[in-house]
Amino acid sequence: MFRKLFLCGVLSSSAFAGDLPQLNKAPWEGWYVGLETREFRLGVNREGELVLMPFKGRNDLVPSPQYLVVTPVIEEMPPGRRPIGKKVEASGWEPVTPAGLDPEKIVYRGTVTGGAKFEVVIEPTRDGFRAGGKLIEPGTLTNPLRFSLRCRLPDPYRYQKNEEKLKDDAEKDDYLFILTDKKKVKLDGMSKVDASSEAVMGKGLSEVSVEFGPMDAEVEMTVGEGGHFELWNNGERELYRGLSVNWIHDAAKDPEAKSRFELKWK
């Protein structure tokens, strides 16, 4: 069971119309939900982002730029063009489950420009979380739409100033990508990859595993049925510099939106 941080009966502060409600108990003031394990804190903020905050010591968190952040996104798919992420409106959030601590399940909704609405489902686990969601309605948008969760992995060398040590250590980090066709791609942190290249990543990924040597941690992600992973790293550059693993929901295969991807932080 998760380590309980606070007494029962923590109240959330009043939320403005269209905002997610907020907690008012330290250290979760301004957060929608929060929980803590021995390895990390996990919370959902006012912007609807799921944030995993690893501990670097007994009570100290790593700096915020090294948090792992999951952002729900509606992507518009214009013919012959790359997907376009739609921005959530300023007052476009709606809680389904109440604000609270140590939740077993978190459900909330968002509305993007154009009126498309989506739902996010998060199920915390002992060593990470399971997450999914779906497009609820397209609003006035006429191009095909899809729901995704963009998982931004941290740069473990953000504060390393010694370039030679950085290179030596990054070369020891293992990156394992398993494609949907079962092909395995093994790389290290210094490998330069253009994640948008189909020649490199095929039609999508089913599993991703990344070691973060300086953080003494490993992330394992499995896609589950009814979805797939896509990588995004803003052009060809070294993998250690930061990478997004985007979970894409396949509404045709999973019309009831029961699919979840699972992330484990070890």
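The values are calculated or read from the model by the stated rules, or taken from the named source; none is laboratory data. In this text the structure is predicted, and so the values were computed from the model without any measurement. Please note: Cβ atoms are built from the backbone with ideal geometry, for glycine as well, and neighbour counts cover all protein chains shown.
Checked across the stretch 234-244, the condition of being touching a Gly at 6+ places or on another chain (Cβ under 6 Å), of a type in the set (Ser, Thr, Tyr) and in a helix (DSSP H, G or I) holds for at least one residue. On the stretch given as the stretch 100-141, residues that are touching a Gly at 6+ places or on another chain (Cβ under 8 Å) and aromatic (Phe, Trp, Tyr) total 2. Among the residues of the stretch 207-220, which ones are touching a Gly at 6+ places or on another chain (Cβ under 9 Å) and closer than 22 Å to residue 259 by Cα? Hits for the stretch 207-220 are 219, 220. Of the residues making up the stretch 53-84, those that are touching a residue at least 40 places away in the same chain (Cβ under 8 Å), within 30 Å of residue 214 (Cβ to Cβ) and touching an Asp or Glu at 6+ places or on another chain (Cβ under 9 Å) are 54, 56, 65, 66, 69, 70, 71, 72. Take the conditions (1) under 18 Å from residue 148 (Cβ atoms); (2) free of Cβ contacts under 8 Å to residues at least 40 places away in the same chain; (3) not in a loop (DSSP other than H, G, I, E, B); (4) not hydrophobic (A, V, I, L, M, F, W, C); residue 262 misses just one of them, which is (2). Number of residues in the stretch 216-264 that are of a type in the set (Ser, Thr, Tyr) and more than 25 Å from residue 61 (Cα to Cα) equals 2. Remark: residue 224 matches the filter, which requires a residue to be in a loop (DSSP other than H, G, I, E, B), at pLDDT below 90 and in contact with a strand residue (DSSP E or B) (Cβ under 8 Å, 6 or more places away or on another chain). Go over the candidates 181, 174 one by one and state the one that is acidic (Asp, Glu), more than 17 Å from residue 261 (Cα to Cα), touching a Ser or Thr at 6+ places or on another chain (Cβ under 8 Å) and at pLDDT below 95. Testing whether each residue is acidic (Asp, Glu), more than 17 Å from residue 261 (Cα to Cα), touching a Ser or Thr at 6+ places or on another chain (Cβ under 8 Å) and at pLDDT below 95 leaves just 174.
So that you can scan it fast, the table gives a plain yes or no per residue for (1) surrounded by 19 or more Cβ atoms within 10 Å (Cβ to Cβ); (2) part of a strand (DSSP E or B); (3) aliphatic (A, V, I, L, M):
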{"residue": "98", "(1), (2), (3)": "no, no, no"}
{"residue": "111", "(1), (2), (3)": "yes, yes, no"}
{"residue": "132", "(1), (2), (3)": "yes, yes, no"}
{"residue": "149", "(1), (2), (3)": "yes, yes, yes"}
{"residue": "152", "(1), (2), (3)": "no, yes, no"}
{"residue": "167", "(1), (2), (3)": "no, no, no"}
{"residue": "187", "(1), (2), (3)": "no, yes, yes"}
{"residue": "190", "(1), (2), (3)": "no, no, yes"}
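Considering the conditions (1) over 28 Å from residue 38 (Cα atoms); (2) surrounded by 14 or more Cβ atoms within 10 Å (Cβ to Cβ); (3) in contact (Cβ under 8 Å) with a residue 24 or more places away in the chain, residue 117 is excluded by exactly one of them, (3). Here are 41, 82, 58: which of them is surrounded by 15 or more Cβ atoms within 10 Å (Cβ to Cβ) and of a type in the set (Lys, Arg)? Being surrounded by 15 or more Cβ atoms within 10 Å (Cβ to Cβ) and of a type in the set (Lys, Arg) holds for just one of 41, 82, 58, which is 41.
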